Amino acid sequence: AAFTDITLADSIIHSGDTDTKIRFGAANEFSVETAGVERFEITPTEVTFNDTGASVDFRVEGDTEPNLLFVDASADQVSIGTSSPSDVFDVVHAANTAAGVDFRIEGDNNANLFKVDAGNDRVGIGTASPAELLHLESTANNTKLRLTQSGSTTDAVNGAIHFGNSTDGQLCEI
């Protein structure tokens, strides 16, 4: 005979491991527990991993990258490409670690709003190919660079642009 529905009061519990279960704790909610700790929960508005705050890491594998996305729960750090993040957010590209990994932020109207060219140690704003340490580029007629200091200060060079180097010191200041 074919079954159409199975009705449960709350849980499907593993017979040899009673603290491992699939729970239906409330209407429209589904969760999975192992070792008596909820690992993830699905509700009508979100999917939550590690809602209990346990020191349990989370990992997503890619086709060739075992740590495509990694969350280190005990250190509150997230990484891409490594299971050992060294900061709050860490990106490592194992195939090209010597040259670094480029990083780009797109805007609504600019595909290269902010570009880090890690292989050349350059940062660009408005350009895909920064030519200098910091390269700002715009096609707008009113291109401006604005430096603003809020609050009060007694510093005589507050808000200034300093041109110089470590050998000659201050060459020019605007």
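The values are calculated or read from the model by the stated rules, or taken from the named source; none is laboratory data. Keep in mind that what you see is a predicted model, and the values were worked out from it rather than measured. Cβ sites come from the backbone with ideal geometry, for glycine too, and all protein chains shown count toward neighbours. With ligands, DNA and RNA removed, areas are computed over all heavy atoms of the protein, side chains included. Shrake-Rupley method; radii C 1.70, N 1.55, O 1.52, S 1.80 Å.
Things worth noting here:
- Hz values of 3J(HN,Hα) by residue in the range 36-41 - Karplus curve (6.51, -1.76, 1.60), Gly and Pro given as x: x, 10, 5, 9, 8, 9
- Listed values for the range 54-68 are Karplus-derived 3J(HN,Hα) couplings in whole Hz (6.51 cos²θ - 1.76 cosθ + 1.60, θ = phi - 60°), namely 5, 7, 10, 6, 10, 9, 10, 8, x, 4, 10, 10, x, 10, 4, and x replaces Gly and Pro.
- ³J(HN,Hα) computed for each position of the range 16-33 - Karplus, 6.51 cos²θ - 1.76 cosθ + 1.60, integer Hz, glycine/proline x: x, 8, 5, 9, 10, 7, 9, 10, 10, x, 8, 4, 6, 10, 9, 9, 10, 10
- 15 Å beta-carbon shell around Thr45, net charge (K/R +1, D/E -1): -4
- Heavy-atom accessible area for Asp121, with the other protein chains in place and a 1.4 Å probe, reaches approximately 120 Å².
- Protein accessible area in the range 1-42, 1.4 Å probe - carbon and sulfur %: 56
- Summed side-chain charge close to Asp121 - residues other than Asp121 whose Cβ falls under 13 Å, Lys, Arg +1, Asp, Glu -1: -1
- Around Arg23: net Lys/Arg minus Asp/Glu count, Cβ-Cβ under 9 Å: -4
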